[in-house]
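Bear in mind that the values in this text are calculations on the coordinates, not laboratory data. Since this is a predicted model, take the numbers as computed values, not measurements. Backbone-built Cβ (ideal geometry, glycine too); neighbour counts: all protein chains shown.
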Amino acid sequence: MRIAILSLCLSGLMLAGCSSRHTNGMADLRGLLQGDAPSERFVALFDEQAPAVELLFLRTQSVSRLLLSHENAGVLTWMSIEGATLRTRNGFIVGTNGFFEGLQAAHIDAVAQLVLAERTGQAERLHTYLDGNNDISIHSYRCDIRPTGNEMVTIKGQTTPTRRIEERCGNQTDDFTNIYWVSNGAILQATQWIGPIAGALRTRQVDIYEGD
C-alpha cells in the first residue's frame with residue numbers, strides 16, 4: 001500500500017517534533033513505519049483507510065495526522081501513530097490523551113449551541129485537566145461568541161462557503177480565541193485552544209490515501 005505522506009509527522013502529538021508543514025512524496029507503509037514504534041491499532045486503521053484528521057499545532061507550526069479509531073455516544077476518538085488520542089464531538093475538541101496537556105474533558109454544550117446556530121451570545125465552558133501527579137483541576141471560562149464574516153474553506157479538495165464564528169474566552173489566568181468555520185450546522189475546520197502548554201490546534205478532515 002502506498003500513500004502521499006503529506007507531512008505525516010511520526011512524533012507530532014507526543015513531542016511536536018515535525019519541523020516542516022510540507023513534506024511530499026510516496027512511501028510504502030512499512031517503510032514509513034520502519035524504525036518507529038507505531039501503535040498496532042493505528043496500522044490496522046491505516047490498512048482499513050479510516051477517515052483522517054489533520055492537526056496543526058499553531059505554536060510550533062508542526063502537523064500531525066490522526067485516524068478515526070471509534071465512535072461512542074457521538075464522541076469520535078482519533079488516534080496518532082504513537083497511540084495518542086484526540087476526542088471530538090460535532091467538531092469540538094472534548095478531550096485528549098498523550099498531549100502535553102492532560103485535557104480529560106471539555107464541557108462545551110452551551111458553546112456548541114451558539115456556534116452551530118451561528119448566533120451571537122455568551123456561554124461558559126469547563127475544562128478538566130489531569131496533571132503528572134494525577135491531580136484533577138477544573139477551569140471555568142466565560143466566552144463571547146459571534147459570527148465575524150463569510151470565508152471560503154477547502155476540505156478534501158472541495159471549496160465551500162462557510163460562516164466564520166469566533167469564541168473569545170477567559171478567566172483570571174488565561175484567555176484565548178477559538179475560531180470555527182461552519183456550514184449548514186457543521187464545523188468544517190476549527191482552531192481550538194486545549195491549554196496553556198500546547199496552546200491552540202487547527203483541525204480539519206483530510207484525505208491521506210489519495211495516490212494509493
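So the values come out like this:
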| quantity | calculated |
| --- | --- |
| Compactness of segment 88-212 - radius of gyration and Dmax, Cα, Å | 15.3, 50 |
| Relative exposure of His127, His139, judged by other C-beta atoms within 10 Å (fewest first) | His139, His127 |
| Vicinal HN-Hα couplings computed from phi for segment 46-62 (Karplus, 6.51 cos²θ - 1.76 cosθ + 1.60; Hz; Gly/Pro x) | 5, 4, 7, 6, 5, x, 10, 10, 9, 10, 10, 7, 5, 5, 9, 6, 8 |
| Estimated vicinal HN-Hα couplings, Hz - segment 87-103 in sequence order (Karplus 6.51, -1.76, 1.60; Gly, Pro = x) | 10, 10, 10, 6, x, 8, 6, 10, x, 9, 8, x, 8, 4, 8, x, 6 |
| Alpha-carbon Debye profile of segment 70-130, log10 I(q)/I(0) at 0.21, 0.30 Å⁻¹ | -0.85, -1.23 |
| Exposure proxy ranking, count of Cβ atoms within 10 Å, fewest first, for Glu48, Glu54, Glu151, Glu167 | Glu48, Glu151, Glu54, Glu167 |
| Derived scalar couplings ³J(HN,Hα) [segment 120-125; Karplus, 6.51 cos²θ - 1.76 cosθ + 1.60; whole Hz; x for Gly, Pro] | 8, x, 10, 7, 10, 10 |
